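Notes for the one structure printed next.
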Amino acid sequence: QVQLVESGGGLVQAGGSLRLSCAASGSTFNANVFGWYRQAPGKQRELVARITIGGSTNYAGAVQGRFTISRDNAKNTVYLQMNSLKPEDTAVYYCYGFFISGDYWGRGTQVTVSS
């Protein structure tokens, strides 16, 4: 059973930075796709960024140019570097992984940006 465990969330002032990490365990294969999603109170979960095993990336328009997704295939880990954070980035951030055995979600990590 694949498990995804996020870390790195917290409280930061507007304009600050945070780096999220998500480590996958329980799979001998790398995730074909890793993604970061977020869900703010009262809103639907939305895609923030995704990265394929080959390194191709996609970003939501709201974070383009501020956030960077990357992965370490040797560690089966994905990262999200978040710069120039805004209060509207406040949400629970979830890691997603699509593996040969199916797709999996982490439990989420809270990111709070104060104004």
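How big is the Kirkwood radius of the range 1-66, worked out from every pair of different alpha carbons and given in Å to one decimal? Kindly include the intermediate steps, with their values, before the conclusion.
Details: mean 1/r = 0.0723 Å⁻¹.
Hydrodynamic radius (Kirkwood, Cα only) of the range 1-66 equals 13.8 Å.
Can you give me the long-range amide H partners of Lys86? Hydrogens built in the peptide plane at 1.01 Å from N, cutoff under 5 Å, separation of 5 or more residues or another chain.
Gly15
With charges only on Cβ, +1 for K and R and -1 for D and E, what is the dipole size of the chain about its Cα centre, in debye, rounded to 20?
Numbers: 10 positive and 6 negative charges, 14 e Å.
Approximately 60 debye in magnitude.
Where Rh is the Kirkwood radius over the Cα pairs of the chain, the temperature 37 °C and the viscosity 0.692 mPa s, what D in µm²/s does Stokes-Einstein return?
On the way: Rh = 14.0 Å.
Approximately 235 µm²/s, per Stokes-Einstein.
Using the scaling law 2.2 N^0.38 Å as the reference, what is the normalised Cα Rg of the range 52-106?
The range 52-106 yields a ratio of 1.25.
Each reported figure results from applying straightforward, stated rules to the coordinates on display, with no laboratory input. These numbers were taken from a predicted model, which means no experiment stands behind them. Because the Cβ atoms are built from the backbone with ideal geometry, glycine has one as well, and the counts that use them run over all protein chains shown.
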